[in-house]
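**Q** Handing you this structure, nothing more for now.
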Amino acid sequence: MAKVLVTGATGFIAGHVIHQLLEAGHEVRGTARSVSRGPQLDQVLSAYAGKPVHVELVAADLSSDDGWAAAVAGMDYVQHVASPFPATVPKHPDELVAPARDGALRVLKAAKAAGVKRVVMTSSMAAIAYGWGDKRPNPLTEEHWSNPDNLADNTAYTRSKTIAEKAAWDYVNGEGKGLELAVINPSAVLGPAMSEDVSSSIQILTQLMTGKAPASPKVGFCVVDVRDVADAHVKAMTVPAAAGERFLASGRFMWMSEVADVLRKEFPAYGRKLPKGELPNWLLKAMTLINPPLGQLVPELGRERHCSNDKARNLLGWTPRTEEASIIDGARSLIDLKIV
Ligand code: NDP
């Protein structure tokens, strides 16, 4: 069994990666910006696993060199999951780039120096599907790269993911040669939340179920379950052929209104809160004047981004569950946690 470092251990995806690594018998160390979150992390992981769990937590921030050498010391593998994923729009489009890109390089350099076998990095479909304008391939595959310079079809977040993943590949193909890298590119991650501290993607469900969206904006996304995303991370760590490869971890494209329909059918008690009908695009754009975070949705309006998960299925033996299961189990976890 291996020793594995998981960065950003307190996050949504990282929690599931840690859970699956522990279930597979691996030893896990985590990083967090503040180790004071250790007891809470143990509590959350224990509640999810239904048995006592303890994870060693060490301090490291993507924006600083401090702590990374100690964090990777003695590790066989690194799961680099941490990256800023804010629910709000940063003031400047480059605000997320430095922690995402420089943080990834800090992790990779420390891993290389410590003799780590392989790093699995969480990138995103954001590094594949954006900046194409009207020339977007259908389906998108791992061969495709987003163009972060087309600002009309990017957010600060999508730019940060593309630039960080590119920098990671440049590093292992150059100065860092010899260090194995595999990258997972998830689409919108739903599925069960472990705690009240929910990721931005889970807010798709919380917004719908708390009545915050009277009508669905005409936006959609490819849905994937957090348990399947974690499974892809664990598989990419040890499947020999995964080294040097990126993998789209994604299910089918769904409009927000379709997600609302799945929820309406499964949770009739929330029927009054769920949006009915679609919000006109002009109205959403007007609403960004009083609610700037909605600006994140503008590049998505009316856009379909379809992607293929053939490579993950064929090379990793990855078999994701249905999008409906991911939506329903995600919603149920939010009800159980009394978030909605
Ligand atoms: P969370 O917000 O739950 O997790 C993000 C994690 O990154 C947190 O643990 C956070 O730590 C950490 N982090 C952020 N900034 C820093 C920093 N400067 N230094 C150290 N750690 C930092 O989101 P997710 O679990 O959803 O996201 C995890 C990864 O998955 C990210 O790389 C994200 O881009 C990627 N991803 C997510 C998708 C989704 O739909 N959820 C889709 C595709 C990719 P802290 O607790 O200290 O804030």
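What follows is calculated from the coordinates using simple rules that are stated; it is not laboratory data. Quick caveat: nothing in here was measured; it's all calculated off a predicted structure. So basically every Cβ, Gly included, is an ideal-geometry build from the backbone, and we count neighbours across all protein chains shown.
**Q** Check each of the trypsin sites (Lys or Arg not before Pro) in the range 99-130 and keep only those in coil by DSSP with at most 10 other C-beta atoms within 10 angstrom; list them in order.
**A** Here no trypsin sites (Lys or Arg not before Pro) fit, given the DSSP loop and packing criteria.
**Q** Let me ask something else about it. Relative to the longest principal Cα axis of the chain, at what angle does helix 226-238 sit, 0 to 90 degrees, rounded to 10?
**A** Once rounded, the angle reads 30 degrees.
**Q** Name the residue from L297, N150, V239 whose Cα lies farthest towards the positive end of the charge dipole of the range 3-336, charges +1 on Cβ of Lys and Arg and -1 on Cβ of Asp and Glu.
**A** L297
**Q** So for D134, D153, D65, fewest C-beta neighbours within 10 Å to most, what's the order?
**A** Ordered by Cβ neighbours within 10 Å, fewest first: D134, D65, D153.
**Q** Taking Cα centroids, how far is the range 164-214 from the range 281-340 in Å?
**A** 12
**Q** With charges set only on the Cβ (+1 for Lys and Arg, -1 for Asp and Glu), what does the dipole of the range 1-118 come to about its Cα centre, in debye to the nearest 20?
**A** 200
**Q** Over every pair of different alpha-carbon atoms in the chain, take the mean of 1/r and invert it; report that Kirkwood radius in Å.
**A** 20.2
**Q** Of the candidates P148, P186, P93, which one comes out as most mobile in a Gaussian network treatment of the chain with C-alpha springs shorter than 10 Å?
**A** Taking springs between Cα atoms under 10 Å, the residue moving most is P93.
**Q** Full-extension gain between D310 and Q20, please, as 0.36 nm times their residue separation minus the C-alpha to C-alpha distance.
**A** Answer, rounded to one decimal: 102.1 nm.
**Q** Roughly what % of DSSP beta bridges within the range 3-336 run antiparallel, to the nearest 5?
**A** So the antiparallel bridges in the range 3-336 amount to around 10 percent.
**Q** Take the Cα of R252, step 7 Å along the line toward its Cβ, and report every residue of the range 293-322 whose backbone nitrogen sits under 20 Å from that point.
**A** It comes to 302-314, 318-322, nothing else.
**Q** Could you tell me the calculated FRET efficiency between T322 and L294, based on Cβ-Cβ distance and R0 = 51 angstrom, to the nearest 0.05?
**A** For T322 and L294, the calculated efficiency is 0.95.
**Q** Kindly express, to the nearest 10 degrees and within the range 0 to 90, the angle between helix 38-49's C-alpha long axis and the longest C-alpha principal axis of the chain.
**A** Computed tilt is about 70 degrees.
**Q** Assign one of three labels to the range 90-162, namely rounded, prolate or oblate, based on the Cα gyration tensor with a ≥ b ≥ c the square roots of its eigenvalues; rounded applies when a/c is under 1.5, prolate when it is not and a/b is larger than b/c, and oblate otherwise.
**A** Taking the square roots of the gyration eigenvalues as a ≥ b ≥ c, the range 90-162 is oblate.
**Q** Under unit Cβ charges (Lys, Arg +1; Asp, Glu -1), what dipole magnitude, rounded to 20 debye, does the chain have relative to its Cα centre?
**A** With only Lys, Arg, Asp and Glu charged at Cβ, the dipole is about 400 debye.
**Q** Once amide H atoms are placed 1.01 Å from N in the peptide plane, what residues at a sequence separation of 5 or more from M121, or on another chain, have their amide H within under 5 Å of its amide H?
**A** Amide H neighbours of M121, under 5 Å, 5+ apart: H80, A182, V183, I184.
**Q** Another question, if that's okay. Figure the gain on full extension for D42 and A241 (residue separation times 0.36 nm, minus the Cα-Cα span) and round it to one decimal in nm.
**A** My answer for the length gained is 68.3 nm.
**Q** Work out, step by step, the length gained on full extension between R33 and A269: first 0.36 nm times the residue separation, then minus their alpha carbon distance; give nm to one decimal.
**A** 81.1 nm
**Q** Relative to the longest principal axis of the chain, what angle (0 to 90°, nearest 10) does the C-alpha long axis of helix 103-113 take?
**A** Computed tilt is about 20 degrees.
**Q** Among the GluC sites (Glu not before Pro) in the range 141-206, which ones are in a DSSP loop with at most 16 other Cβ atoms within 10 Å of the Cβ? Mind listing them?
**A** Listed in order of number, the matching sites are E143, E175, E196.
**Q** Determine which residues of the range 25-42 fall in the zone a paramagnetic label at D66 would reach in this model, i.e. backbone nitrogen under 13 Å from the point 7 Å along Cα→Cβ.
**A** So the set is 33-35.
**Q** Determine the calculated [θ] at 222 nm for the chain from helices alone, applying -39500 (n - 2.57) to every DSSP H run no shorter than 4 residues and normalising by the residue count; nearest 500 deg cm²/dmol.
**A** After summing the helix terms and dividing by the residues of the chain, the value is -10000 deg cm²/dmol.
**Q** Something else about it: So what is the relative contact order of the range 3-336, in percent, for Cα pairs below 8 Å that sit 6 or more residues apart?
**A** 18
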